[in-house]
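Engineer: This is the structure I want to talk about, given as structure tokens.
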């Protein structure tokens, strides 16, 4: 990326555009969706106790076929020195460091067809991502800032993040309320319906969503907390791809299928358009029922989601790279030398959330993939387990504040371990050698709503065995975040 002052100039331009656009705002808040729509990462909901119910910087028109919104997110992260007898090319640096990331997004949309039963939305997002992560976002499987672009050479020039057509096909005349968002513009939708999103997108916009742990702008910040770390979802290095998502929604359940383009190389910015040899296929089933049945009041919402995926791409096997190095064929273990077209990587995930009281919610994830093929698109995790929750500030007269706590433990399979131990490099990890242990992360935050759409957060992440290496760490990462919803 360019120097800091260039990044700030680019972001300032983006934010100025957001401010101008939102003076003509024609939609509701861009965060969250109604209970009958696919759940999205949540923003605090205004309550009668709130003295400032406006949660965006500018008032928005409630009934319009057009949508204009935006957000800005600035995160300062730092860590102090930590124990490290050695380090490699892809290590988290053991000396103290601090970095700032800046992300601005402009959301635009228009309803081409307004009939709720056959609604058609045209959606477009412009985004700028600047700044850097600690150690250039290297050395951790569960990296500490989801806003960071993993390739620092891309720069912060604004780019098209999403462009989509969203088609709804209703199967009933019964309509349910829907909160307008950047993914769906209708204020009412059929209770039973089929939806299609076609175009440029990010798959976590639609799959593996969790209202407690998916939004790095108002909740947790870690990559493997906000997304399932073992889900190597199809995406370029910025997290976007081209694809189609189909979704059937009924009263208490939904089913989704997504087909998307894979990158041409691991963590690459270019996508492979030859679907016969490279693609990411994803399936998810969601059931919206209380998890504990009669143990909780009937109004306590609960949801379970089961996810599976199969990726075809130009990938290599860790075992082949290890054997070639040990046989003296390769000077260093290099999985790129053993990549083949149409290699197959697959995995599964489980995602749940449950309201316990009106203020307390808990959630968790489990993820697993076969781990023999290289980590290719998201992060270097073959198995993950997490559990956490959040608590509303309603009890101390701060209904739009949240405090959260989560623990996540990540792991990799034996061939992947051996590859790093022999000195191989992934696109995120590589200390030169490895004394393997699970990477364990404890994260907590307090998100403070100050005025209208302005939030500040303090975040702590304690990481044991960074990069799966028990010879290094632990490390404590401190963060301060400012978030603005326009």
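Engineer: So for 262, 201, fewest C-beta neighbours within 10 Å to most, what's the order?
Structural biologist: Ascending number of Cβ neighbours within 10 Å: 201, 262.
Engineer: Here's a follow-up. In µm²/s, what is D for the chain at 25 °C and 0.890 mPa s, where D = kT/(6 pi eta Rh) by Stokes-Einstein and Rh is the Kirkwood radius from Cα pairs?
Structural biologist: 107
Engineer: Shifting gears a bit: Under the 0.36 nm per residue contour assumption, what length would be gained going from the current alpha-carbon distance of residue 324 and residue 357 to full extension?
Structural biologist: That pair, residue 324 and residue 357, stretches by 6.3 nm at full extension.
Engineer: Taking only DSSP H segments of four or more residues, each worth -39500 (n - 2.57), what value at 222 nm results for the chain once the sum is divided by all its residues, to the nearest 500 deg cm²/dmol?
Structural biologist: That calculation yields -2500 deg cm²/dmol at 222 nm.
Engineer: Here's a follow-up. Tell me the relative contact order for the range 282-358 as a rounded percent, counting alpha carbon contacts under 8 Å between residues six or more apart.
Structural biologist: Details: 131 pairs, mean separation 29.0, N = 77.
Dividing the mean separation by the residue count of the range 282-358 yields 38 percent.
Engineer: Ranked by Cβ crowding within 10 angstrom, fewest neighbours first, how are 363, 66 ordered?
Structural biologist: Listing 363, 66 from fewest to most nearby Cβ atoms yields 66, 363.
Engineer: Only Cα pairs under 8 Å and at least 6 apart count here; give the relative contact order of the range 4-485 as a rounded whole percent.
Structural biologist: 16 percent.
Engineer: What angle, in degrees between 0 and 90 and rounded to the nearest 10, separates the Cα long axis of helix 4-22 from the longest principal axis of the Cα atoms of the chain?
Structural biologist: On a 0 to 90 degree scale, this one is about 20.
Engineer: With each label point set 7 Å from Cα along the Cα-Cβ vector, what nm distance links residue 287 and residue 435?
Structural biologist: 4.5
Engineer: Can you tell me the length gained on complete extension of the stretch residue 300 to residue 76, counting 0.36 nm per residue apart and subtracting the Cα distance? Could the numbers behind the result be given before it?
Structural biologist: Numbers: separation 224, 0.36 × 224 = 80.64 nm, distance 3.59 nm.
Difference between extended and current length: 77.1 nm.
Engineer: Another question, then. With 10 angstrom as the radius, rank 63, 79, 314 by how many other C-beta atoms surround their C-beta, starting from the fewest.
Structural biologist: On the way: 63 9, 79 24, 314 21.
Sorted ascending by nearby Cβ count, the order is 63, 314, 79.
Engineer: Highest mean first, what order results for 137-143, 319-325, 155-161 on Cβ atoms within 10 Å?
Structural biologist: Ranking, from highest mean packing down: 137-143, 319-325, 155-161.
Engineer: Please find the FRET efficiency linking residue 172 to residue 476, where r is the Cβ-Cβ separation and R0 is fixed at 56 Å, and quote it to the nearest 0.05.
Structural biologist: 0.60
Engineer: At what distance in nm do the modelled label points of residue 136 and residue 154 sit from each other, each positioned 7 Å from its Cα along Cα→Cβ?
Structural biologist: 1.6
Engineer: May I ask you to compute the full-extension gain from residue 54 to residue 112, defined as 0.36 nm times their residue separation minus their alpha-carbon distance, rounded to one decimal in nm?
Structural biologist: Result for the pair: 18.0 nm of gain on full extension.
Engineer: Related question: Any chance you could check the Cα centroid distance between the range 169-205 and the range 338-377 for me, in angstrom?
Structural biologist: The range 169-205 and the range 338-377 have Cα centres spaced 25 Å from each other.
Values quoted throughout were computed directly from the atomic coordinates according to the rules given, and no laboratory measurement underlies them. Predicted model, so just to flag it, every value in this text is computed and none were measured. Glycine gets a Cβ as well: all are built from the backbone with ideal geometry, and neighbour counts include every protein chain shown.
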